[in-house]
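Down below is the structure, laid out as structure tokens.
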Amino acid sequence: ILKNRILIFILGGIVFGTIGVSAATYFESNLVTYDNTESGLSSSNVQGAIDELYTECTKEPTTGETIIDSAGLEKDEYECRYFFTGGNPNNIIILNNEQWRILSVECDGRIKIIRGTFTTNYEWDSSNSNNWNNPSSLNTLLNGTYYNDLNSAARNQIVVSKFSTGAVTAGNNDLAAQINDENFKTWNGNIALPTVSEYIRTNSNKNSCGTFSLFNNNHRKCISTGWMDGPNAFWLLSPSSGSTSDVFSVMSSDAIGAYPAGSTINSIRPALYLSSDVTLSGSGTQSDPYRIE
């Protein structure tokens, strides 16, 4: 409901701004009242509500900076998120008695992590479809057997979240547009995979590695400035926009390539969100990883 109210205010502002006339020309907004019991706003007049909403929408989020204090955690320029970037940041965390790595901290306090070690090679989808939401075979595996095999403490710390499953155009040079494409389609669940843009955004060399095209053109250089790599190829969540069967993966060369969803050439690095209620101890290093209290 609050989102709807924000949209109404924005659209109202656009209309009045477009015709070059202020809303005050038609009515004194501070005299117009509305029921604010559902919106949660303190003001009961239109102008007061607009002022409140503007303050909230322009407030600088600080959640991601205060949950984890680490030099490797950088604010994202595209979304309200904080990514661990660089070749080897202090982002190691223990879940299910296994080593994972923190991918990002969301502004609502959730922490997105991916498994640090690679699981066995597995097909993305046995019917060779790149529709994760269908669901794909890997979706079923991760949110069924794999999730159920986690210990109870780990399952209690995972929160159902929205994952971006939109298709990506290979070799594009516009990361902002690519992120919009990824976010165009979503799926809610416990466990999925990292997206193409998340892989790119964990690299600290934005000039050489900051888009799909740049990354693949300079992937040998990008190896040293990004931590989300490894000896084996692994699946990503993003399907290819040019096919109904191809899905992107990080290849053994660390470049981004597309493979048929039915192939078993890629391993798996599960990704999930930890609840904003978790408290961490440790410093994220190999010898002192983050631990969930």
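The values are calculated or read from the model by the stated rules, or taken from the named source; none is laboratory data. The structure displayed is predicted, hence computed values, not measured ones. We place every Cβ from the backbone using ideal geometry, glycine too, and count neighbours over all the protein chains shown. Side chains are part of the model used for accessible areas, which takes the heavy atoms of the whole protein and leaves out ligands, DNA and RNA. Shrake-Rupley method; radii C 1.70, N 1.55, O 1.52, S 1.80 Å.
Can you tell me the FRET efficiency between Asn88 and Arg291 if r is taken as the Cβ-Cβ distance and R0 is 25 Å, rounded to the nearest 0.05? Efficiency for this residue pair is about 0.80. Projecting the Cα atoms of Ser126, Asn205, Asn156 onto the charge dipole of the stretch 120-226, computed from C-beta unit charges around the Cα centre, puts Asn205 farthest toward the positive end.
Once you sort the root eigenvalues of the Cα gyration tensor of the stretch 162-236 as a ≥ b ≥ c, which label holds: rounded (a/c under 1.5), prolate (a/b larger than b/c) or oblate (the other case)? In terms of gyration-tensor shape, oblate. For the stretch 121-134, 3J(HN,Hα) computed residue by residue from phi via the Karplus equation (6.51, -1.76, 1.60; θ = phi - 60°) reads 4, 8, 6, 5, 7, 5, 8, 6, 9, 9, 9, 4, 6, 5 Hz, glycine and proline entered as x.
Taking a point 7 Å from the Cα of Asn183 along the Cα-to-Cβ direction, the residues of the stretch 232-260 with backbone N closer than 20 Å to it are 237-241. Relative contact order, whole percent, for the stretch 183-293 stands at 23, derived from Cα pairs under 8 Å and 6 or more residues apart.
Figure note: Asp254, Asp69, Asp229 ranked by solvent-accessible area, largest first, 1.4 Å probe, ligands and nucleic acids not counted: Asp69, Asp229, Asp254. Solvent-accessible surface (1.4 Å probe) assigned to Val160 amounts to roughly 90 Å². Legend: residue pairs Lys185/Lys206; Lys162/Lys221; Lys75/Lys112, Cα-Cα distance threshold 21 Å; pairs beyond threshold, Lys185/Lys206; Lys162/Lys221.
Run through the stretch 208-269 and list the chymotrypsin sites (Phe, Trp or Tyr not before Pro) located in a DSSP loop whose Cβ has at most 14 other Cβ atoms within 10 Å. Those that pass, being in a loop and sparsely packed, number zero.
Cβ-Cβ distance of Asp174 and Ser275, R₀ of 45 Å, FRET efficiency by 1/(1 + (r/R0)^6): the value works out to about 0.85.
Label-to-label distance, Val159 versus Ser126, with points set 7 angstrom from Cα along the beta-carbon direction: 3.4 nm. Taking square-rooted eigenvalues a ≥ b ≥ c of the alpha carbon gyration tensor, is the stretch 93-137 rounded, prolate or oblate, where a/c under 1.5 means rounded and, failing that, a/b exceeding b/c means prolate? Oblate, because a/c is 1.5 or more while a/b does not exceed b/c. Once C-alpha pairs closer than 8 Å and six or more residues apart are averaged by separation and normalised to the residue number of the stretch 151-206, the relative contact order reads 38 percent. Of Ile265, Ile179, Ile94, Ile223, the order by accessible heavy-atom surface (1.4 Å probe, DNA, RNA and ligands excluded), from most exposed downward, is Ile265, Ile223, Ile94, Ile179. For Gly262, the residues whose amide H sits under 5 Å from its own are Asp125, Asn128, ignoring neighbours fewer than 5 places away on the same chain, with H placed 1.01 Å from N.
For the stretch 98-241, taking Cα atoms only, Rg and Dmax work out to 15.3, 44 Å respectively.
Rounded to two decimals, the Cα-based Rg/Rh of the stretch 175-293, with Kirkwood Rh, is 0.99.
Subtracting the Cα-Cα distance from 0.36 nm times the residue separation, let me have the gained length for Ser152 to Ser208 in nm, one decimal.
Gain on extension, Ser152 to Ser208, equals 15.9 nm.
For the set Asp35, Asp181, solvent exposure ranked by accessible area (probe 1.4 Å, protein chains only) runs largest to smallest as Asp35, Asp181.
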